[in-house]
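Worksheet: one structure, shown below.
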Amino acid sequence: MEESKALFRTIITYPWFTNSSVILFLNKRDLLEEKILYSHLADYFPEYDGPPRDAIAAREFILKMFVDLNPDADKIIYSHFTCATGRYFLNFNHLPLC
């Protein structure tokens, strides 16, 4: 996760993307929902103070970790939690992007 956050910060602060909005795909939602039932997010992120075994609270916390890396209040980050596997995901015609 730390590596993903570092990469995301690099991308959103890169000069080429100064005036660009960002679409953030947080994949493997299904694995998070499965694993959160038997592990507590606070064991891995001590700053998490949400309820254990709550997938929605975990997703909100993870999203906030990424959004907080954005130093530009005017830059819009569109986020999508996905459960994407194989070629189906690569066909963007199936994604409801708003």
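The values are calculated or read from the model by the stated rules, or taken from the named source; none is laboratory data. Note that the coordinates shown come from a computational prediction; the quantities given were computed from them, not determined experimentally. Virtual Cβ from ideal backbone geometry, glycine too; neighbours counted across all protein chains shown.
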Name the residue that is nearest to the chain's Cα centre (by Cα), counting only residues in the range 65-75 that are among the hydrophobic types (A, V, I, L, M, F, W, C) and surrounded by 11 or more Cβ atoms within 10 Å (Cβ to Cβ). F66
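Based on what the data block shows, is S39 among the polar types (S, T, N, Q), modelled with pLDDT of 90 or more and over 28 Å from T13 (Cα atoms)?
Numbers: among the polar types (S, T, N, Q): yes; modelled with pLDDT of 90 or more: yes; over 28 Å from T13 (Cα atoms): yes.
When the stated conditions are applied, S39 passes them.
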As an exercise: evaluate E47 against (1) modelled with pLDDT under 95; (2) loosely packed, with under 13 Cβ neighbours inside 10 Å and give the number of the one condition it does not meet. (1)
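Are any residues in the range 11-20 of a type in the set (G, A, S) and loosely packed, with under 11 Cβ neighbours inside 10 Å, and if so, which ones?
Of all residues in the range 11-20, those of a type in the set (G, A, S) come to 20.
Scanning the range 11-20 gives no hits.
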Checked pairs for the range 59-72, first free of Cβ contacts under 8 Å to residues at least 12 places away in the same chain, second in a helix (DSSP H, G or I) and exposed (fewer than 14 other Cβ atoms within 10 Å of the Cβ), C-beta under 6 Å and 6 or more apart or across chains, list as none
The number of residues in the range 26-64 that are over 18 Å from C83 (Cα atoms), among the charged types (D, E, K, R) and more than 12 Å from the chain's Cα centre (by Cα) is 4
Failed item in (1) modelled with pLDDT under 95; (2) within 21 Å of T85 (Cα to Cα); (3) surrounded by 14 or more Cβ atoms within 10 Å (Cβ to Cβ), with I23 passing the rest: (3)
